[in-house]
Number of protein chains: 2
Amino acid sequence: MPTSKDVARLAGVSQSTVSYVMSGRRPISEKTRKRVEDAMAQLAFQPNAGARALASRRSQVIGLAIPFVPDLHMGSIMEFISVIAATARQSDYDILLVTDDEGPQGLERVVGQQLVDGLIIMQVEGDDARVPVIRKLPVPSVLIGIPEDSKGLECIDADFELAGAMCVEELAQLGHETVTLVDWQDAVVRRHVNYVKRFHRGVDKAAAATGTKVIKVPGRVTIAGMEKAVTKALKETNGIPAFIAPEAANQDLLVEALHNLGLVLGEDASVVVNCSDRIAERQRIPLTTIGFEPDEVSRRAVHRIVRDLTDTTSRAHEALELIRPVLKRRKSTIRLRPQR
Amino acid sequence: MPTSKDVARLAGVSQSTVSYVMSGRRPISEKTRKRVEDAMAQLAFQPNAGARALASRRSQVIGLAIPFVPDLHMGSIMEFISVIAATARQSDYDILLVTDDEGPQGLERVVGQQLVDGLIIMQVEGDDARVPVIRKLPVPSVLIGIPEDSKGLECIDADFELAGAMCVEELAQLGHETVTLVDWQDAVVRRHVNYVKRFHRGVDKAAAATGTKVIKVPGRVTIAGMEKAVTKALKETNGIPAFIAPEAANQDLLVEALHNLGLVLGEDASVVVNCSDRIAERQRIPLTTIGFEPDEVSRRAVHRIVRDLTDTTSRAHEALELIRPVLKRRKSTIRLRPQR
DNA sequence: TTGGATTGTCGATGCGTATCGACGATGCGC
DNA sequence: GCGCATCGTCGATACGCATCGACAATCCAA
């Protein structure tokens with residue numbers, strides 16, 4: 001493997017000049033730069049990452065803490081990872097995976113070894129064991145999700161409260177006076193306390209503001225359970241029923257349950273779900289969705305950690321950033337009264 | 001951050017002794033080792049990865065080339081990644097992501113910069129653009145999937161041929177004389193030529209061996225299309241129909257289509273699909289599956305690359321390793337004649 | 001008891017890059 | 001034409017660890 005010294009020799013300059021050509025931290029004449037760049041190209045030179053990290057004390061690598069995977073819909077996690085890695089590359093960073101089975105010490109390790117310059121922590125939950133560890137680490141981190149106590153931390157998440165409100169407002173505006181919220185599954189509700197609570201708050205506020213009645217039924221795992229829950233909700237509803245299913249895992253069950261009960265989406269019932277556009281569009285009846293914009297969240301997370309690593313000036317960017325969800329109207333909702 | 005020199009000073013030994021304690025490449029007396037280890041613990045010492053890589057010429061990092069994501073079922077990709085990362089840690093390696101949007105040059109970059117010691121390439125397809133690049137790289141790599149010309153490469157994949165054969169044999173043994181293969185979607189068939197072909201070969205061989213008639217219908221994207229395909233297949237079948245759906249994306253459609261046509265799985269029809277056990281078990285009627293064992297494939301891939309990186313002796317481990325699929329009998333298949 | 005092998009430790013050096021201070025060359029205003 | 005700032009380049013050094021050769025101490029066999 002060629003080194004910068006080889007490049008220097010071939011270009012007839014000193015090694016430090018080669019370094020300055022790469023970094024641009026000192027002015028270099030056009031002539032010299034050209035010679036060096038030609039030499040680099042000719043040798044197919046690539047700077048050695050280890051040496052670079054050692055000398056500069058920065059690895060140009062960001063650690064990405066990925067969640068343990070038992071969640072049903074991990075397709076979305078993959079979307080995050082993919083976008084995060086691609087976005088990081090645009091700022092000349094690479095992504096190193098930190099899995100959960102090393103526990104929070106995994107974070108201490110990669111930071112301690114100076115393998116990474118900063119961290120992005122995915123799927124942060126209410127009382128996340130990683131949070132206290134992160135607070136002590138001497139590198140910046142950005143959390144995706146919001147822990148119970150977010151003071152002093154940089155957090156990014158979808159605006160679940162707004163999402164909840166938007167769902168209710170949309171349905172209310174369509175003319176529904178009663179809506180049923182098919183909740184997250186119990187296991188999730190207990191764990192991810194945080195964003196579920198926020199979604200509920202949004203729903204409740206919008207319900208109060210619009211005078212909508214909200215029925216909450218717990219999330220189900222089986223189709224039979226879902227049919228029972230839907231049936232119960234139907235009894236309490238006058239007129240055309242409306243459903244909100246923020247957890248993607250519930251969506252299939254809800255749609256199927258309604259189908260089995262003889263209700264046609266967009267005619268006999270309104271449904272708003274959260275799932276990827278690709279999936280929503282493929283349904284027999286394309287679903288109206290409230291999108292949590294994982295791509296946008298991912299991009300913002302990378303941009304923020306990169307900024308932390310670049311602007312050495314303004315430390316402590318404490319801030320909580322909420323990404324606005326997007327409502328996409330498709331065929332699964334029905335207008336009961338003329339648009340205001 | 002403490003360095004090995006700090007540890008040495010505190011322990012009253014030389015820096016090289018500290019290094020030998022860590023690597024074990026020279027004998028160290030019990031007493032000295034204890035003193036050094038205590039000093040390390042006291043200072044919470046962690047060796048600097050950059051310095052280590054520079055001096056030892058190995059980064060202890062494996063590059064993982066992840067596929068571009070437009071595939072529907074990317075949940076499974078996440079499973080691979082997760083297991084790969086965890087397994088790598090067990091051998092003291094970390095995982096660096098290499099996304100596809102840098103193109104094959106991404107691989108050249110991470111290797112050229114000596115960021116990684118080796119590569120695992122996921123989702124290798126018939127004429128994968130990364131393959132020619134990999135052949136030229138001066139580090140070992142392990143492919144998951146099999147390219148057209150696999151000579152001289154280390155490849156691991158599920159044994160699709162065996163899987164195809166197992167599906168047909170299972171259904172034949174249950175007493176079905178005609179089975180319908182719901183094929184991969186056209187786009188996939190054209191791209192991933194390789195494993196689709198292998199699956200077909202297995203199906204054909206087993207069909208010939210068992211005297212089973214096989215109807216092939218193309219994979220569908222819509223429920224209407226699937227219903228039509230199923231109807232057509234039913235016409236050509238005498239008695240209880242049987243279906244094989246190796247592509248996970250087709251499974252929901254197939255199950256729903258059969259349901260809509262009034263056929264009950266395990267009573268009026270047999271169905272064998274490929275999807276994760278978790279999902280298969282959750283269906284209203286738990287599905288008999290042919291599992292492609294992504295965890296096992298992932299683990300083997302890591303073990304092989306680690307071996308390549310460790311055994312510097314025996315180079316060129318060219319080998320094609322096929323992981324045996326697993327058939328799990330559930331409720332979606334029906335026995336038509338007593339077991340032999 | 002002595003020679004040679006083995007064990008345990010140290011000092012010195014190199015890995016490839018970034019960066020600092022130094023210094024000659026050039027341009028500017030007066 | 002002079003001093004002075006700016007530009008462009010070089011040499012030297014540091015970064016933290018692994019590794020090699022050297023060497024003192026210990027052990028065993030003859």
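The values are calculated or read from the model by the stated rules, or taken from the named source; none is laboratory data. As the structure is a prediction and not an experimental result, all values here were calculated from the model. Cβ atoms come from the backbone with ideal geometry, glycine included; neighbour counts cover every protein chain shown.
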Checklist entry - Taking the condition free of Cβ contacts under 8 Å to residues at least 40 places away in the same chain and more than 20 Å from the chain's Cα centre (by Cα), does B:Ala229 pass? => result no
Checklist entry - Within segment B:24-55, which residues are over 27 Å from A:Thr3 (Cβ atoms), in a helix (DSSP H, G or I) and in contact (Cβ under 8 Å) with a residue 12 or more places away in the chain? => result B:Thr32, B:Arg33, B:Arg35, B:Val36, B:Glu37, B:Asp38, B:Ala39, B:Met40, B:Gln42, B:Leu43
Checklist entry - How many residues, within segment B:15-41, are within 14 Å of another protein chain (Cβ to nearest Cβ) and near DNA strand C (Cβ under 9 Å from one of its atoms)? => result 0
Next on the checklist: Restricting to segment A:105-158, give me the number of residues that are part of a loop (DSSP other than H, G, I, E, B) and within 14 Å of another protein chain (Cβ to nearest Cβ).
Outcome noted: 8
Checklist entry - Can you name every residue in segment A:158-199 that is charged (D, E, K, R), within 18 Å of the chain's Cα centre (by Cα), buried (at least 20 other Cβ atoms within 10 Å of the Cβ) and modelled with pLDDT under 95? => result A:Arg198
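Within the bounds of segment A:66-79, is there any residue that is hydroxyl-bearing (Ser, Thr, Tyr) and within 30 Å of B:Phe80 (Cα to Cα)?
Yes, segment A:66-79 has at least one match.
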Checklist entry - Within segment A:5-14, is there a residue that is within 23 Å of B:Val111 (Cβ to Cβ), within 7 Å of DNA strand C (Cβ to nearest atom) and surrounded by fewer than 16 Cβ atoms within 10 Å (Cβ to Cβ)? => result yes
Item to check | Filter result for the condition that a residue is touching a helix residue (DSSP H, G or I) at 6+ places or on another chain (Cβ under 7 Å), closer than 28 Å to B:Arg191 by Cβ and assigned by TED's automatic domain parsing to the domain that holds B:Val139, over B:Ser82, B:Ser76, B:Ser91 | outcome: B:Ser76
Checklist outcome for this item: How many residues of segment B:228-277 are of a type in the set (Gly, Ala, Ser) and closer than 18 Å to B:Gln185 by Cα? The answer is 6
Item to check | Of the criteria (1) free of Cβ contacts under 8 Å to residues at least 40 places away in the same chain; (2) facing another protein chain (nearest Cβ under 9 Å); (3) outside any helix (DSSP H, G or I), which one A:Ala85 fails | outcome: (3)
Checklist outcome for this item: Scanning segment B:238-251 residue by residue, those crowded, with 19+ Cβ neighbours inside 10 Å and not aliphatic (A, V, I, L, M) turn out to be B:Pro241, B:Phe243, B:Pro246, B:Glu247, B:Asn250, B:Gln251
Checklist entry - Exactly one of (1) surrounded by 19 or more Cβ atoms within 10 Å (Cβ to Cβ); (2) away from DNA strand C (no atom under 16 Å from the Cβ) is unmet by B:Asp92. Its number? => result (1)
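Given the criteria within 27 Å of B:Arg335 (Cα to Cα) and modelled with pLDDT of 90 or more, does B:Leu153 qualify?
When the stated conditions are applied, B:Leu153 does not pass them.
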Item to check | Flag for A:Ala44 being among the aliphatic types (A, V, I, L, M) and at the interface with another protein chain (Cβ under 7 Å from one of its Cβ atoms) | outcome: no
Checklist entry - Is it true that some residue in segment B:13-23 is in a helix (DSSP H, G or I), under 30 Å from B:Gln251 (Cα atoms) and modelled with pLDDT under 95? => result no
Next on the checklist: Going by what's in this entry, would B:Phe45 be described as loosely packed, with under 15 Cβ neighbours inside 10 Å and either modelled with pLDDT of 95 or more or away from DNA strand C (no atom under 11 Å from the Cβ) (or both)?
Outcome noted: no
Next on the checklist: Of everything in segment A:168-211, what is small (Gly, Ala, Ser) and out of contact with any helix residue (DSSP H, G or I) (no Cβ under 9 Å at 6 or more places or on another chain)? Give them in sequence order.
Outcome noted: A:Gly175, A:Ala187, A:Ala208
Next on the checklist: Can you confirm whether B:Asp268 is of a type outside the set (Gly, Ala, Ser) and under 26 Å from B:Gln90 (Cα atoms)?
Outcome noted: no
Checklist entry - Of all residues in segment B:62-80, which are facing another protein chain (nearest Cβ under 7 Å) and modelled with pLDDT of 95 or more? => result none
Checklist entry - Hey, does segment B:31-46 have a residue that's among the basic types (Lys, Arg) and within 11 Å of DNA strand D (Cβ to nearest atom)? => result no
Next on the checklist: Need pairs with beta-carbon distance below 9 Å; first residue at positive phi and within segment B:9-21, second more than 7 Å from DNA strand C (Cβ to nearest atom) and of a type outside the set (D, E, K, R); sequence gap 6+ or separate chains.
Outcome noted: B:Gly12/B:Ala39
